[in-house]
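**Student:** Below is the structure I would like to discuss, written out as structure tokens.
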Amino acid sequence: MGLSVEQENSSVRPSVKDIEMEGVGSPSKKIEASKENSSPKKKLGKKWKRAARGVKDHQIPVKLSSPLNKMLALSQKSRSNSKRNQMSPNQRSPISKDISAASYFTLTSLLASVTKNSTLIDRASLSFYHFSNPDRNLCRLERWRQGTGCRRSIRCRRRNRTGSKKKSAPTTPIDGTLSSFASLSEEERQKQQLQSISASLASLTRETGPRVVKGDPARKADTPKAASHDVHHHFTPSISVSDSSLKFTHVLYNLSPAELYEQAIQSERGSFITSSGALATLSGAKTGRAPRDKRVVKDATTENELWWGKGSPNIEMDEQTFLVNRERAVDYLNSLDKVFVNDQFLNWDPQNRIKVRIVSARAYHSLFMHNMCIRPTPEELENFGTPDFTIYNAGQFPCNRYTHYMTSSTSIDLNLARREMVILGTQYAGEMKKGLFSVMHYLMPKRQILSLHSGSNMGKDGDVALFFGLSGTGKTTLSTDHNRYLIGDDEHCWSDTGVSNIEGGCYAKCIDLSREKEPDIWNAIKFGTVLENVVFEEHSREVDYSDKSVTENTRASYPIEYIPNAKIPCYGPHPKNVILLSCDAFGVLPPVSKLNLAQTMYHFISGYTALVAGTVEGVKEPTATFSACFGAAFIMLHPTKYAAMLAEKMQKHGATGWLVNTGWSGGSYGSGNRIKLPYTRKIIDAIHSGSLLKANYKKTEVFGLEIPTEIEGVPSQILDPVNTWADKKGYKETLLKLGGLFKNNFETFTSYKIGKDNKLTEEILAAGPNF
Ligand SMILES: Nc1ncnc2c1ncn2[C@@H]1O[C@H](COP(=O)(O)OP(=O)(O)O)[C@@H](O)[C@H]1O
Ligand SMILES: C=C(OP(=O)(O)O)C(=O)O
């Protein structure tokens, strides 16, 4: 029937020979296609496909104890002691001397190599922005040499970050305790902020950070001016001739969406403003996550704490290899003439907020994270201090596939001890969002908080619902409900005080998006929204949401307040309903079933769904998948640990479990049809209103699921899937096949104990298919 079945993120390691040549910048079919389409002079009415050319307790209780941080702490202490004694405040250099000794490539030498051998650069798969356009960079270099700079006549006021007048997006309330930053002078605060960024970008081998300076290099003319083009003066450089003296790392710190738009449009090919004001951009060769390229450092602690082995998403790497990749990413970022730094928060629960720093090379990535993480107020930013976790996104630059543990040119590396993540060889922005989610799946359970791969919304009476589900099952679509308050669409925490969103934005799928079917998402696609990999009409810039020619996984990332009835701050009370969304490509699961606690656990641990095409690289059609906790790709501990917490919380707060099939009906994928969204919405409405709890139920064969006989607005015959299949024999065979797959999959979990005694385990085992 054309359905394949696999365990998501099986620990089977891809062998080198399985891996296609997928270096960033290596010519792909898409790229070739885009070249053809990049000409504006195309057939009238034809769309302009722009495809890439060349392709969140308190803060973390434990302080970083890496040698680097110890070293930095010591150097900061001795620096402040000695300097305070020797220098007046205005004598102090904004950049400390001992962090200025880094030696990096200079822009000059890189540009020289570009001009000498552009094919070499192509093969090395360097950033298309910086290196595939040498003329532009040479122009800039020439202006730099001539001292004419690149000042633009912008009639806009410079942003005053300390000014109280500046309006900011809503954010988590400050809990009242300000860090020591609050007592610092503006100058010292700025200095420490730069030192913190420099420390983040420190090279491990040289143990120093680069010279960082805030602002866009293109707007500065800080080099000596030549008197005129035709008068030749001799100029002796006064700066010491070392790489670090020739090279500043220009930091574009927490830019606004408007500034990021300008950066993207000026510097990133494939960036355009669409008719609704969104920023359309391209993620390059990778248009979905690459779970097989994700690595987690296995050390003495994580070896015992994390889930390793069959079914686990955690593919190991050692500390040394992580450092190799980190160095590669940091060196790449420091070689650029500007990097973007976002300091933001995760988790709307003020007691459990995590400070994250994202260092990236693209305005697209910076705007994406601006939207997806919680945006600090100017005051919170002033007092941000040291991040709890840092992402180095050097996605334009590949990893070295000859490095141990690397099986492709893409690597997403997580080091929990260092609290760092490195991204090489993929520009798909979802990696950052979901990478941080993995971190929360590690940190939160340590505080007895359950991290959830779920959407969440709240009714007018304060009833909260959770929507668990893998990618494409409907978390975003169904949690975004005009009649309810949106808490969040994808990542949440369930603590002793209730549910909080981890993120500050939503990441909606756009394929076949329509104003009629999904008005709130449609209207959220406006100025500030990042639209990934969409196709639009050349002149009008109207997006064609039905066009899959770049990818099925077209996406919109927007701040949560773009949804009119968003619940801000994004937290709510304990959930009343826990809805497990499964997109059943076999077409045999009922559109809705009421679950008892053991059944809820059984289906939660199983995490059955069909992975729909797009989000994960290589999935071209719905593929039946078992993904524990409806998010095996992101969990870090054994699934039964999360399941035990869910059972305990559901019991304590009296939540009801539901299984909703948003997949196929009337046959499997290929013969049946996807259940109509309006019907699913009616089912969800009945769950929220409580009317479904009072309905009449009957039990299905094999899975033993309780299914309602009637729901207002839904044709009764579709409620029992057997009615929708013309081929009854085929239905029974498919039902048994799926039942068998569930049994097989659950075998790995049979020896695990859930709950204080083993009782729940036995009940859970009995809650599966019976035949
Ligand atoms: N019956 C249905 N229920 C939910 N979503 C559906 C249904 N039929 C089609 N869809 C489509 O499936 C996709 C679900 O994607 P999304 O809500 O982003 O999933 P998730 O947030 O879980 O990744 C949307 O494009 C939605 O329009
Ligand atoms: C971004 C992702 O999440 P979702 O598809 O659930 O939005 C993803 O899984 O890569």
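The values are calculated or read from the model by the stated rules, or taken from the named source; none is laboratory data. Note that the structure is predicted; figures quoted are calculated from it, not measured. Quick reminder, even Gly has a Cβ in these numbers, built from the backbone with ideal geometry, and neighbours come from all protein chains shown. Heavy atoms of the whole protein, side chains included, go into the accessibility calculation; ligands, DNA and RNA do not. Shrake-Rupley method; radii C 1.70, N 1.55, O 1.52, S 1.80 Å.
**Student:** List every residue pair whose Cβ atoms sit under 9 Å apart, with the two residues 6 or more apart in sequence or on different chains, where the first one lies in segment 654-674 and is within 21 Å of Lys594 (Cα to Cα) and the second, anywhere, is among the basic types (Lys, Arg) and more than 12 Å from ligand 1 (Cβ to nearest atom).
**Tutor:** Close Cβ pairs satisfying both conditions: Gly654/Lys576; Ala655/Lys576; Ala655/Lys649; Thr656/Lys576; Thr656/Lys594; Gly657/Lys594; Trp658/Lys594; Leu659/Lys594.
**Student:** Shifting gears a bit: Please enumerate the residues belonging to segment 512-547 that are within 12 Å of ligand 1 (Cβ to nearest atom) and either in a loop (DSSP other than H, G, I, E, B) or of a type in the set (Ser, Thr, Tyr) (or both).
**Tutor:** Scanning segment 512-547 gives Asp512, Leu513, Ser514, Glu516, Lys517, Glu518, Tyr545, Ser546.
**Student:** Tally the residues that are over 30 Å from the mean Cα position of the chain (by Cα) and surrounded by 15 or more Cβ atoms within 10 Å (Cβ to Cβ), restricting the search to segment 661-682.
**Tutor:** Here the count works out to 8.
**Student:** Counting just the residues of segment 261-293 that are of a type in the set (Ser, Thr, Tyr) and within 20 Å of the chain's Cα centre (by Cα), which one comes out surrounded by the most Cβ atoms within 10 Å (Cβ to Cβ)? Spell out how you get there, then give the answer.
**Tutor:** From segment 261-293, those of a type in the set (Ser, Thr, Tyr) are 261, 267, 271, 274-276, 281, 283, 287; that's our starting set.
With the extra rule that they be within 20 Å of the chain's Cα centre (by Cα), the set shrinks to 261, 271, 281, 283, 287.
On the way: Tyr261: 21, Ser271: 23, Thr281: 29, Ser283: 27, Thr287: 25.
The qualifying residue surrounded by the most Cβ atoms within 10 Å (Cβ to Cβ) is Thr281.
**Student:** State yes or no: is Gln344 crowded, with 24+ Cβ neighbours inside 10 Å, over 26 Å from Ala524 (Cα atoms) and in contact with a helix residue (DSSP H, G or I) (Cβ under 8 Å, 6 or more places away or on another chain)? Working first, answer last.
**Tutor:** Numbers: crowded, with 24+ Cβ neighbours inside 10 Å: yes; over 26 Å from Ala524 (Cα atoms): no; in contact with a helix residue (DSSP H, G or I) (Cβ under 8 Å, 6 or more places away or on another chain): yes.
For Gln344, the condition - crowded, with 24+ Cβ neighbours inside 10 Å, over 26 Å from Ala524 (Cα atoms) and in contact with a helix residue (DSSP H, G or I) (Cβ under 8 Å, 6 or more places away or on another chain) - is not met.
**Student:** Next question, about the same structure. Among the residues of segment 359-403, count how many are open to solvent by less than 10 Å² (accessible area, probe 1.4 Å), over 23 Å from Lys526 (Cβ atoms) and of a type in the set (A, V, I, L, M).
**Tutor:** 4
**Student:** Also, quick follow-up: Do you know which residues across segment 641-656 are within 17 Å of Lys753 (Cβ to Cβ) and open to solvent by 30 Å² or more (accessible area, probe 1.4 Å)? First the steps, then the outcome.
**Tutor:** The initial filter retains those residues of segment 641-656 that are within 17 Å of Lys753 (Cβ to Cβ), namely 641-648, 651.
Lys641, Ala644, Met645, Glu648, Gln651 - these are the residues of segment 641-656 that are within 17 Å of Lys753 (Cβ to Cβ) and open to solvent by 30 Å² or more (accessible area, probe 1.4 Å).
**Student:** Every residue in segment 411-424 that is open to solvent by 10 Å² or more (accessible area, probe 1.4 Å) and either within 16 Å of ligand 1 (Cβ to nearest atom) or among the acidic types (Asp, Glu) (or both), please. First the steps, then the outcome.
**Tutor:** Narrowing segment 411-424 to residues open to solvent by 10 Å² or more (accessible area, probe 1.4 Å): 416-420.
Residue satisfying the conditions is Glu420 alone.
**Student:** Continuing with the same structure: Of everything in segment 529-561, what is in contact with a strand residue (DSSP E or B) (Cβ under 8 Å, 6 or more places away or on another chain) and closer than 30 Å to Gly462 by Cβ? Give them in sequence order. Write out each step before concluding.
**Tutor:** First, pick out the residues of segment 529-561 that are in contact with a strand residue (DSSP E or B) (Cβ under 8 Å, 6 or more places away or on another chain): 529-538, 541-544, 547, 553-560.
Of everything in segment 529-561, those that are in contact with a strand residue (DSSP E or B) (Cβ under 8 Å, 6 or more places away or on another chain) and closer than 30 Å to Gly462 by Cβ turn out to be Thr529, Ala556, Ser557, Tyr558, Pro559, Ile560.
**Student:** Turning to a different aspect of this structure: For segment 666-708, which positions are among the aromatic types (Phe, Trp, Tyr) and either in contact with a Cys (Cβ under 9 Å, 6 or more places away or on another chain) or away from ligand 1 (no atom under 16 Å from the Cβ) (or both)? Can you show your working first?
**Tutor:** Restricting attention to segment 666-708, the residues satisfying the condition of being among the aromatic types (Phe, Trp, Tyr) are 669, 679, 697, 703.
Scanning segment 666-708 gives Tyr697, Phe703.
**Student:** Hey, can you tell me all the residues within segment 475-510 that are in a strand (DSSP E or B), within 15 Å of ligand 2 (Cβ to nearest atom) and not polar (S, T, N, Q)? Can you show your working first?
**Tutor:** From segment 475-510, those in a strand (DSSP E or B) are 485-488, 491-495, 498-501, 505-509; that's our starting set.
Narrowing further to those that are within 15 Å of ligand 2 (Cβ to nearest atom): 486, 488, 491-492, 501, 505-509.
Scanning segment 475-510 gives Leu486, Gly488, Glu491, His492, Gly505, Cys506, Tyr507, Ala508, Lys509.
**Student:** If Lys509 satisfies all but one of (1) at positive phi; (2) open to solvent by 10 Å² or more (accessible area, probe 1.4 Å), what's the number of the condition it fails?
**Tutor:** (1)
**Student:** Here's something else I'd like to know. Looking only at segment 335-367, count how many residues are charged (D, E, K, R) and within 15 Å of Tyr571 (Cα to Cα). Can you show your working first?
**Tutor:** Within segment 335-367, the first condition is being charged (D, E, K, R), and the residues that meet it are 337-338, 343, 349, 353, 355, 357, 362.
The next check asks that each one be within 15 Å of Tyr571 (Cα to Cα); those that pass are 349, 353.
Count: 2.
**Student:** I'm trying to understand the selection: among the residues of segment 453-474, which are open to solvent by less than 10 Å² (accessible area, probe 1.4 Å), under 14 Å from Leu659 (Cα atoms) and within 16 Å of ligand 2 (Cβ to nearest atom)? Spell out the reasoning first.
**Tutor:** Just the residues of segment 453-474 that are open to solvent by less than 10 Å² (accessible area, probe 1.4 Å), to begin with: 453-457, 459, 464-470, 473.
Among the residues that remain, those that are also under 14 Å from Leu659 (Cα atoms) are: 454, 465-470, 473.
Hits for segment 453-474 are Ser454, Leu466, Phe467, Phe468, Gly469, Leu470, Thr473.
**Student:** Okay, next question. If you take the residues of segment 425-471 that are touching a Cys at 6+ places or on another chain (Cβ under 6 Å) and part of a loop (DSSP other than H, G, I, E, B), which of them is nearest to ligand 1 (Cβ to nearest atom)?
**Tutor:** Residues of segment 425-471 touching a Cys at 6+ places or on another chain (Cβ under 6 Å): 425, 444, 449, 451.
Then drop every residue that is not part of a loop (DSSP other than H, G, I, E, B), which leaves 425, 449.
Values: Gly425: 24, Ile449: 22 Å.
Across segment 425-471, the extreme among qualifying residues is Ile449.
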